[in-house]
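Just below is one structure, and these are the notes that go with it.
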Amino acid sequence: MKALYLTGKAQVEIRDIPVPDCPDDGLLIKIDSVGLCGSDVRTYSVGSAKINYPVILGHENAGIVAAVGRNVTGYAVGDRVVANPAIPCGKCYYCVNKAPGLCDTLEVAGTSFPGGFAQYMVFHGTMLQRGQIIKVPEDVDLEPMILAELLASVIKAQSDLQVGLGESVVVIGAGPIGCLHAMIAKLRGASVIVLADTSPSRIALSRKFGGTHFVVSSEDDLVRRVMDITCGRGADVCISANPSAKPHQQGVEMLRKEGRLSMFGGLPKDESMTTVDANMIHYKRLRVFGAYSYSAADFAKGYDLLTSGKIDSRIITHKLPLEKMEEGVRAIQSGKAIKVVLKPWMDA
Ligand SMILES: [Zn+2]
Ligand SMILES: [Zn+2]
């Protein structure tokens, strides 16, 4: 089978390797679609402490069951499935205390074991035992289901932020995550949703996805625009959904008193320091939220929203064969693509 290996920083290689064996307690999956995630782009471009080269990335996987382990019941060859790729241990402090996304030994497909940047991959027994493999009905499109994983983290972040009816929400970063944040904020009842990005092309692409106001922050003063839109009071919520530190300070400036800031986007590991005016947090009594990972319940909620048609999957702008993964990375980085999906069976 064909597999795309990341062999070093910004180095990829297509290899012809044997199809993996189906474990007795797991499933062998023929990959239909796999998302090229922002974290994959970051791992490709700057490396990651979590991986060992060579590695087959890919954690946003949807596919078809090609073989069923001899001890597995309830699944058959031909079933269409999507997988929650984050496997908590179920035993540590955080697992026991209802925060499995923070599991001390969280395993993730594409990092802890080979992912979906290949024609086949294995869904392990632990994924089945934890109910992490969801069957997709025949009348539901399989490809958009790769968005369930992104959605899960967006749903988790906004439920922590308690985004509510009539609120104003500013999302800084109009990539796939930013667009999903706008859609979820709308579903939760926010009435003003400002999508901002430094890239004019990304703003142009994101206009149909839930926002009410759009700001190109490289050309316009974002903080001033938000103050105008909110009649001088400031926004209720600001979500920084991008890999840079500057929006954190914009966030504390644009929020109203007791506003909530989510540091949703991770920063590159060598540039992880941020500067904010602490007195703004102090005097305005701001609340600052971290955001990382999600639970199986968040993933299931994301899946339900996708199948019920509440999420606009047109944020998938590019579908590429494995061989063109780097083209996908460039399209994301230049703001020409929102979401890129790799199709391992598509001809190069
Ligand atoms: Zn992802
Ligand atoms: Zn755990």
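Over the Cα atoms of the chain, what Rg and Dmax result, in angstrom?
20.2, 64
Based on the mean of other beta carbon atoms within 10 Å per residue, what is the order of 112-123, 328-339, most packed first? Walk me through the intermediate numbers first.
On the way: 112-123: 23.6, 328-339: 19.1.
Highest-to-lowest ranking by the protection proxy: 112-123, 328-339.
How much of the DSSP beta bridge set in the stretch 136-253 is antiparallel, as a percent to the nearest 5? The partial results should precede the final answer.
Numbers: 0 of 13 bridges.
Taking every DSSP beta bridge within the stretch 136-253, about 0 percent pair in antiparallel fashion.
Enter the per residue convex hull volume of the stretch 178-285, computed from alpha-carbon coordinates, in Å³ rounded to the nearest integer. Mind showing how you got there, number by number?
Values: hull volume 10.9 nm³, N = 108.
Measuring per residue, one finds 101 Å³ for the Cα hull of the stretch 178-285.
How would you rank 215-225, 6-16, highest first, on the average number of other Cβ atoms within 10 Å across their residues? Show your work: numbers first, answer last.
Numbers: 215-225: 16.8, 6-16: 13.4.
Put in order of decreasing packing, that is 215-225, 6-16.
Modelled label-to-label distance, SER45 and THR105, 7 Å Cα→beta-carbon offset: nm?
3.4 nm
If I take R0 = 25 Å and measure r between the Cβ atoms of GLN333 and SER272 in this structure, what FRET efficiency does the formula 1/(1 + (r/R0)^6) give, to the nearest 0.05?
Numbers: r = 20 Å, r/R0 = 0.78.
The value I calculate is 0.80.
Stretch PHE289-ALA10 to full length: gain in nm at 0.36 nm per residue minus the Cα-Cα span? Numbers along the way, then the final one.
Values: separation 279, 0.36 × 279 = 100.44 nm, distance 3.17 nm.
Length gained between PHE289 and ALA10: 97.3 nm.
Given +1 on the Cβ of Lys and Arg, -1 on the Cβ of Asp and Glu, and no further charges, what dipole in debye does the chain carry about its Cα centre, rounded to the nearest 20? Let's see the in-between values first.
Numbers: 38 positive and 36 negative charges, 162 e Å.
Charge dipole, the chain, about its Cα centre: 780 debye, nearest 20.
Taking the Cα-to-Cβ direction at GLU219 and at THR126 and moving 7 Å from each Cα, how far apart do the two end points lie in nm?
Once both label points are built, they end up 4.8 nm from each other.
Cα-based count: Lys pairs in the stretch 197-348 below 22 Å, eight or more positions apart or different chains?
18
With r as the distance between the Cβ atoms of ALA348 and ASN97 and R0 = 45 Å, compute the FRET efficiency 1/(1 + (r/R0)^6) and round to 0.05.
Values: r = 47 Å, r/R0 = 1.05.
After rounding, the FRET efficiency stands at 0.45.
In deg cm²/dmol, rounded to 500, what helix-only [θ] at 222 nm does the chain give when every DSSP H run of at least 4 residues adds -39500 (n - 2.57) and the total is split over its residues?
Values: 11 runs with 95 residues, N = 348.
My calculation for the chain gives -7500 deg cm²/dmol from helical runs alone.
Read-outs: derived from the displayed coordinates by stated rules, not from any lab. This structure is a prediction, so every number in the text was calculated from the model and none was measured. Heads up, the Cβs are rebuilt from the backbone with ideal geometry, glycines too, and the neighbour counts pull from every protein chain shown.
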